[in-house]
Amino acid sequence: MNPDGVSAPSPNEGSRPSFGRVLRIAGGVYHVDDANSVIQASLRGRVKRTDSRIVSVGDLVELERVGDEMRIVGLRPRRSALARHGVSKRREQVIVANVDQVAVVVSVTAPDPDFLMVDRLLALAALSEIEAVLVVNKTDLAPLGGSGPARGSGGGDAAGSGLRQYAALGVETMWTSAESAEGLEALAARLEGRVTVLSGQSGVGKSSLLNALVPGLDLRVGQISERRGRGRHTTVASALYRYPPGGYVADTPGLQYLALWDLDPARLQRGFVEIAAVGEGCRFADCRHRVEPDCAVIAAVERGTIARRRRESYLRLLDEAEKT
Ligand SMILES: Nc1nc2c(ncn2[C@@H]2O[C@H](COP(=O)(O)OP(=O)(O)O)[C@@H](O)[C@H]2O)c(=O)[nH]1
Ligand SMILES: [Mg+2]
Ligand SMILES: [Zn+2]
């Protein structure tokens, strides 16, 4: 029984309604996990006419058999959602619904971590009120030994120490290798029973990690899922996979490129936990921590208690938010 009760013991007999979770949507066909199997359903009738929300991947839907066809006839309330415009309620376009956690995947090297992307994804998760974990992969490539960090704590270089700072911000951090299997048990435990969205740069090992954890999944490795379009026009096609011990994992190519559109710039700092906390001490209540006098955040960066790079990420996202 997974946490959403999808495994209700109701085979779809006659017209008795049942429900399930949308795993993917292709060409108007909804692939729905009804706990027994993955069935194909269409969206007809009541939901299409009366529910202004668009049925999305991750949604819990009510199903009804009509003749030899399964139809989606109802949409359950969402617990959470990662949405394109979802940091505001305006023009919401849900990418994945009912997400429990975002796993931000980076690698210690090859490629080097893109810290702006990490901060963007962490902010998106925080603003969406979804938990985040940081998965640092390719620990087998990290320089280890003598004066370096202990095995499992990542690279001893600038990338490694930059990544270790996230744990201090309260972000649970896991060090993994799809190659050596290091850390995979801890990651598996973290996925079990939850709906997890994996996101991060291309080439960090997201597909490799999922293949290692989900037997038979067979995602293609080493394939760059091209970003189609830029900014507002980025295509984000998501799909959920059943995680056999319980739960689901989502592949969401493109999520990492999404700008935080339509975000009230004053809200952005809620995506940066340490900036929000220190910002309480700024002279102006609406301080944006850019150039204002007596800005506690700027002072904290000077003192070294807030990482310079984190404020830089914040300022980059602030620029984006102010343009929209
Ligand atoms: N050394 C090493 N290579 C890895 C690891 N995980 C993935 N790779 C390699 O990194 C490349 C990109 O992996 P892939 O899973 O496609 O990354 P994705 O783009 O994030 O899905 C492939 O050549 C993988 O074999 C790891 O833990 N260690
Ligand atoms: Mg991949
Ligand atoms: Zn300030």
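Filtered by the rule that a residue be over 16 Å from the mean Cα position of the chain (by Cα) and open to solvent by less than 10 Å² (accessible area, probe 1.4 Å), region 244-271 gives 263, 268. Of the conditions (1) at pLDDT 95 or above; (2) under 21 Å from residue 121 (Cβ atoms), residue 300 fails just one. Which one is it? Result: residue 300 fails condition (2) only.
So that you can scan it fast, the table gives a plain yes or no per residue for (1) modelled with pLDDT of 80 or more; (2) within 16 Å of ligand 1 (Cβ to nearest atom):
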residue	(1), (2)
224	no, yes
243	yes, no
248	yes, no
255	yes, yes
258	no, no
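Identify, please: which residue in region 122-146 is part of a helix (DSSP H, G or I) and out of contact with any helix residue (DSSP H, G or I) (no Cβ under 6 Å at 6 or more places or on another chain) and is, among those, most open to solvent (accessible area, probe 1.4 Å)? Ranking the qualifying residues of region 122-146, first place goes to 141. Answer yes or no: is there a residue in region 175-188 that is polar (S, T, N, Q), crowded, with 17+ Cβ neighbours inside 10 Å and either outside any loop (DSSP other than H, G, I, E, B) or not assigned by TED's automatic domain parsing to the domain that holds residue 237 (or both). No, the conditions are met nowhere in region 175-188. The set of residues in region 176-203 that are within 16 Å of ligand 2 (Cβ to nearest atom) and among the charged types (D, E, K, R) contains only 179.
Here is a yes/no grid of residues against (1) open to solvent by 30 Å² or more (accessible area, probe 1.4 Å); (2) modelled with pLDDT of 90 or more:
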site	(1), (2)
207	yes, yes
216	yes, yes
237	yes, no
278	yes, yes
306	no, yes
313	no, yes
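The number of residues in region 315-324 that are open to solvent by 10 Å² or more (accessible area, probe 1.4 Å), under 23 Å from the mean Cα position of the chain (by Cα) and closer than 18 Å to residue 262 by Cβ comes to 4.
Does residue 270 satisfy being under 18 Å from residue 127 (Cα atoms) and either modelled with pLDDT of 95 or more or away from ligand 2 (no atom under 16 Å from the Cβ) (or both)? Spelling it out, residue 270 is indeed under 18 Å from residue 127 (Cα atoms) and either modelled with pLDDT of 95 or more or away from ligand 2 (no atom under 16 Å from the Cβ) (or both). Only helices (runs of 4 or more DSSP H) whose full extent lies in region 256-324 are considered here, and none of them has at least 3 residues that are in contact (Cβ under 8 Å) with a residue 40 or more places away in the chain, within 12 Å of ligand 3 (Cβ to nearest atom) and outside the structural domain of residue 93 (by TED's automatic domain parsing).
Picking from residues in region 285-304 that are in contact with a Cys (Cβ under 8 Å, 6 or more places away or on another chain) and open to solvent by 40 Å² or more (accessible area, probe 1.4 Å), the one that is nearest to ligand 1 (Cβ to nearest atom) is 292.
The values are calculated or read from the model by the stated rules, or taken from the named source; none is laboratory data. For clarity, every value in this text was computed on a predicted model and none was experimentally measured. As a convention, Cβ positions derive from the backbone with ideal geometry for all residues, glycine included, and neighbour counts pool all protein chains shown. Heavy atoms of the whole protein, side chains included, go into the accessibility calculation; ligands, DNA and RNA do not. Shrake-Rupley method; radii C 1.70, N 1.55, O 1.52, S 1.80 Å.
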